[in-house]
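Take a look at the structure set out below.
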Amino acid sequence: MTRDMSYDAVMARKNEIMKKAVGMDFSKYESGSVAFDYEGMMADTGYTLEDIINIQKQFAIGDTHIIELKNLTALARKCAPAGKGARIFVKDEATNPSGSFKARRAATSIYQAKKMGYKGAISATSGNYGAAVAATCAMAGLKCIVVQECYDSRGIGQPEIVEKARKCEALGAEVVQLTVGPELFYSVLIMLEETGYFNASLYSPYGIAGVETLGYEIAQQFRRDYNTDPDVVVCSNAGGGNLTGTARGLMKAGCKAQIVAASVNLKGLHMASDDQFNKKSFTTSHTGFGMPFATNPDRSDVPRSAARPMRYMDRYVTVNQGEVFYITEALASLEGLEKGPAGNTALAAAFYLAQEMDENQTIVVQETEYTGAGKHIQPQLSFARDNGIEVRLGNPEEEVPGKSIILPEHPRLIRARDVDLNKMRHSLIRNKTEGYDNLTDEDIAFLAAETKTDNAYVLQTLKELR
Amino acid sequence: MSKKNDYVQIHRTVLTPDLRSKNLPEETHTKPLEMWVKGYLQEESANVGDSVTVITRTGRVAQGTLCDEAPHFEHSWGKLIPELLHVGDQVREIVFGGEE
């Protein structure tokens, strides 16, 4: 029997393929209306936080250092009004196997895949997550396929993504590379069907539960080393899983730090554009993923995404590409820490946010990522220049994504710009209620949780939307 | 020329423009969705441009056009960006040198 492999036919089999490939029946969490049982889905991983800590230990993941960035703090204080300039800390997640916090996200999935008898795992990712899945699969003795959106139609690859391909291959994975386009998902579905492998989705409950240990560790380590909780935790934000997992872990530790999301501003660039694909110097941690995934989390590769950042975010700020490159260079020059730029998005934001805070306060950036050929400020800026992007020193306010990258003339020009969270909450409520006329009380309570507001806020918003 | 079991790269068109998703920007929609895969050549011998079959490292069978007989990576550390030297010097000067 030959199956219909056309785009429409394969996409129509999506739910059936996913059910087999994640080993979870997502339909049991549905209410039939807008609401679904998010916490019920998270609980169904069957693993407690302690279980996950132990699983990650088996993969040599976690317990990464928190480093106080004293010189970067000194630089922030030089730029801040007297008495301002909180102490800046960074959790050195680059020291995890495969070089980023994504190892946490992969470990529980791969542990589960192994336990359920899958022979391999497939992951759709152009980022560090691929390396994380490849590394944990290597440790678990599973086969691994990483599917990347890598090239534009001229066959020119994003250097950062090409490096990720190299790393995945080095860790024993098969790497499948595609040109630009969301139909990557179609190719993944075909491969899942063909191989019977586990879908190591970034957005499954296993993935997000794996990040909870990061937030939990921050609280524990801070209490141990500094006898206090951090005042602010900043998370680089793209698909929202990093922030969601970290915030949930902090909450499980009873830590009430303010949670700030930070993304690189790529306003005006279309993520599915072949022309613009190589005009951006960030392939993740940017608004092109950050905004749509926050306001419509279920656009991911599982029926219900476990990454729901609007539930936890207190503030959302953007920084410009040039500012992140600047802070990455500053981190190397002042702290002796050479890291990949995308992971420093939150650090650029924290550098500015610290200047709004008092000197005795603390702000934690919850990740770093590895750096290497291709994914380092030098090759990325060099690639930008070769692609006709203007790279210069100046005022970052003048940066136009896809046209220029402006390294701040002075660090006091670095800014974190607030995104209107109410506007995003409105978008989320609009997206979630489209096509539903009679909302239940459960729906209203669900939307309040989804937007970190209350029933009155949701009812008022619905009134305004209709 | 490649021989059987040589590790090569193949290329294939997954979707021609007319079969692609409807929700794409024009400049993407007019291009095919293309795929590159590496694996061990199954033919006795083949040259670039030949239609071939490979077995990938996970054991999948994949077909396409042989495009690279010795696939390797060439991404690098890029060319010198003098502005980065300036940034490094500047932050050290401000923190350790006294700005004035």
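Bear in mind these aren't lab numbers, they're just calculated from the coordinates by the rules spelled out. Values in this document were obtained by computation on a predicted structure and should not be read as measured data. Here the Cβ positions follow ideal geometry from the backbone for every residue, glycine too, while neighbour counts run over all protein chains shown.
Details
- Shielding by partners - mean other protein chain Cβ count within 10 Å, residues of A:138-150: 1
- Exposure proxy ranking, count of Cβ atoms within 10 Å, fewest first, for A:VAL90, A:VAL400: A:VAL400, A:VAL90
- Total charge dipole magnitude, chain A, about the Cα centre, Cβ charges on Lys, Arg, Asp, Glu only, Debye to nearest 20: 400 debye
- Cα-projected label distance for A:ASP386 with A:ILE156, points at 7 Å along beta-carbon direction, nm: 0.8 nm
- Relative contact order [Cα under 8 Å, 6+ residues apart], chain B, whole percent: 29 percent
- With a 10 Å cut-off around each Cβ of B:68-77, the average count of Cβ atoms from other chains is 5.
- Residue exposure sequence - A:THR451, A:THR362 - by fewest surrounding Cβ within 10 Å: A:THR362, A:THR451
- Over 21 Å (Cα to Cα) - which of A:LYS339/B:LYS38; A:LYS70/A:LYS91; A:LYS102/A:LYS167; A:LYS91/A:LYS252; A:LYS70/A:LYS267; A:LYS19/A:LYS432 fall in this group: A:LYS339/B:LYS38; A:LYS70/A:LYS267; A:LYS19/A:LYS432
- Going by neighbour counts of Cβ atoms within 10 Å, the residues A:PHE36, B:PHE96, A:PHE59 line up, fewest first, as B:PHE96, A:PHE36, A:PHE59.
- Sorted on the mean count of surrounding Cβ atoms within 10 Å across their residues, most packed first, peptides B:84-92, A:94-102 read A:94-102, B:84-92.
- Short-range pairs are left out: with C-alpha atoms under 8 Å and at least six residues apart, the relative contact order of chain A is 19 percent.
- Antiparallel content of DSSP bridges confined to the protein assembly as shown, in %, to 5: 45 percent
- Shielding score for A:332-342, defined as the mean number of other chain Cβ atoms within 10 Å: 2
- Cα gyration tensor shape for the range A:395-466, rounded if a/c is under 1.5, else prolate or oblate: prolate
- Taken along the Cα-to-beta-carbon direction at a fixed 7 Å, the label points for A:ALA170 and A:LYS20 span 3.5 nm.
- Cα-based shape type of chain A, given that a ≥ b ≥ c are square roots of the gyration tensor eigenvalues and the cut on a/c is 1.5: rounded
- Kyte-Doolittle mean at least -1.0 and Cα axial length at least 27 Å: DSSP H helices in chain A: A:205-226
- A cysteine counts as unpartnered when no other cysteine's C-beta lies under 4.7 Å of its own; in the protein assembly as shown this applies to A:CYS79, A:CYS150, A:CYS168, A:CYS235, A:CYS255, B:CYS67.
- The range A:239-301 shape via C-alpha gyration tensor axes, a/c threshold 1.5: prolate
- Principal axis box of the range B:2-97, alpha-carbon based, largest edge first, Å: 66, 39, 23
- Each residue, A:ASP225 and A:ASN296, gets one label point 7 Å from its Cα in the Cβ direction; the gap between the two is 4.1 nm.
- Solvent-free Debye scattering, log10 I(q)/I(0), computed from the Cα coordinates of the range A:3-140 at q = 0.11, 0.14, 0.19 Å⁻¹: -0.63, -0.85, -1.16
- Cα-based helix-to-principal-axis angle, B:82-92 vs chain B, degrees rounded to 10: 40 degrees
- Selection from A:SER281, A:PRO297, A:GLY343, by position along the positive dipole direction of the range A:255-378 (Cβ): A:PRO297
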